[in-house]
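Where a number appears in this text, it was derived from the coordinates with a stated rule and is not lab data. Everything numeric here is computed off the predicted structure, so don't read it as measured data. Quick reminder, even Gly has a Cβ in these numbers, built from the backbone with ideal geometry, and neighbours come from all protein chains shown.
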Amino acid sequence: MDDWMLLGLVAGFLTTVGFLPQMVKGLRTKHMEDISLLMPLILAAGMLLWLLYGLTLDNIPIVLWNAIAFALNIGIVLLKLKYGRKAGRAETTPTN
């Protein structure tokens, strides 16, 4: 393994594990109402494109970390969809 491959692996690891605290917090608290839905969707789309790019280059760090980060972002989206509503907010219709 050359130095550039190692650099890519370390960089990918650091940027990918940045999503873990949000996932752990969402799983632990079941509270995701303050999290944007659009942000992880946009990031997941970009990571999917990076993944495809890495596959065309046969670049292990790009493929590995973008595949993992894509999965983590989809996980954040699923947590947001499951726990994103305010607890206790009643579904009401206006009365006149």
(Q) Along its three principal axes, how long is the chain when you only count alpha carbons? Whole Å, largest extent first please. (A) 69, 25, 13
Q) Label 7 Å along Cα→Cβ of Asn59; region 1-40 residues with amide nitrogen under 14 Å? A) 4-13
